Amino acid sequence: MVEGIVWALFAGLMLGLYALPGKFTKNFKEENTWGLFFMLTMFVVPTIVTLLMMKGVGAIYGSAEVRAILPQMVVTSVLWGIGVMMWGKAIHHIGMSLGFSVFIGTVILVGSLMPFFVEGLPAAKVFATILIGLAFVLVGIVANGKAGMAREKDDRAANADQANVADGDHETKKSMGAGLTIAVVGGLLATGFSFANAVGRPPLHEASMAQGNPEWVTALAVMFPIFLSGGLIMAGYFAWQLTQKKAWGSFKTSSFGRNFVLIFMMAFFHYAASAVFAYAAFKLGAVGNTVGYAIFNTACVVTAIVSGLVVGEWKNASSKAKNLLYTGLGCMVIGILIIAFGNKLGAESSEISQQPETVSLQSLDSLS
């Protein structure tokens, strides 16, 4: 169990930091950076890693059990891709802090509970403990959202002249109601990632092991169809954005080689974070998808916030904003600990449920 929690935390750490190299690109518009990123992380990196590290790729995806669940994985992965795109739209309407909090809060709540609909409910005590942990996480997300809104207000006060111009330019484009709706719907669709992992992992694990792969390769087998399917939506969206913003020409820059290396680093860590999460869910056992998903996303949020503190994003924030931030971080850490405890209870419950069968087999052996 401890190993699974450590891997889930590590996956969240990577996801929280993966975008950092993008801050050092030159002569690229935003559409260039993210368009190239999604092309690499959704298609190039998964294909290279899968072909190099997985034995029997054709046999794995060609097995009858895997073919039976692939349509479900593809559909829910496409929904995940749409959800991620909607997140960007929500941020445009209601800002990064509120958009991030509402979206990730929805993802954690629904995405953590969704595997129960696929795999069944655990024991009542385990289920209640996990729900309490999720409640703490969501309280933390809300507190962080309020802290972010307070920080944005403080930043506007510190840069009043610039803020007034910006507010005037964008006020008509923003709609709080529309933004909240988009963030919630996007978060719901993005939980397709959790569903695809829960549905696909068992048959893909069996098929991968049958080809002589070590158990960690299952994570690669699960991520491959998820990323390719979700990538179709993202690639189409950014191709349209590059055309609309007339940004294709920005790829012709002397900084392209440097930018490509930085963005490839982003793509690799983004893909690796998802693959490590899938492995963590496997190592966490019966309720691994729920526990792993909650820890993974929470660790991502905590990492992103702490890195923001380190690079000075909160230097103009008031004590009220910082206190809300620290409260949110504390609640999220407490939530992770409670969820981890719930996983421990689930593991113990699973062991106890197997004991009668073991005893009965031993009794039969003694009789013979």
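The values are calculated or read from the model by the stated rules, or taken from the named source; none is laboratory data. These numbers come from a predicted model, not from an experiment. For neighbour counting, all protein chains shown are included, and Cβ atoms are generated from backbone atoms with ideal geometry for every residue, glycine included. When the accessible area is computed, the model is the full protein with side chains, heavy atoms only, and any ligands, DNA or RNA have been set aside. Shrake-Rupley method; radii C 1.70, N 1.55, O 1.52, S 1.80 Å.
With respect to (1) at pLDDT 75 or above; (2) open to solvent by less than 20 Å² (accessible area, probe 1.4 Å), the lone exception for residue 320 is condition (2).
Each row is one residue, and each column tells you yes or no for (1) touching a residue at least 60 places away in the same chain (Cβ under 8 Å); (2) open to solvent by less than 30 Å² (accessible area, probe 1.4 Å); (3) closer than 30 Å to residue 132 by Cα.
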| site | (1), (2), (3) |
| --- | --- |
| 211 | yes, no, no |
| 230 | yes, yes, no |
| 254 | yes, no, no |
| 266 | yes, yes, no |
| 276 | yes, yes, yes |
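The helices (runs of 4 or more DSSP H) located wholly in region 121-200 that include 3 or more residues which are at pLDDT 80 or above occupy 124-158, 176-190. Of all residues assigned to region 267-282, none qualifies as being over 17 Å from the mean Cα position of the chain (by Cα) and of a type in the set (Ser, Thr, Tyr). Contact map, region 305-321: first residue within 21 Å of residue 24 (Cβ to Cβ), second residue at pLDDT below 75 and open to solvent by less than 70 Å² (accessible area, probe 1.4 Å), Cβ cut-off under 6 Å, separation 6 or more or different chains; the map is empty. Listed by first and then second residue, the pairs linking a residue in region 17-42 that is farther than 14 Å from residue 272 by Cβ to a residue that is part of a loop (DSSP other than H, G, I, E, B), with Cβ atoms under 6 Å apart and 6 or more places separating them unless they lie on different chains, are 26/255; 27/253; 27/255; 29/247; 31/245; 31/247; 32/247; 33/25.
All of 242, 204 fail the test of being more than 21 Å from residue 67 (Cα to Cα) and surrounded by 14 or more Cβ atoms within 10 Å (Cβ to Cβ), apart from 242.
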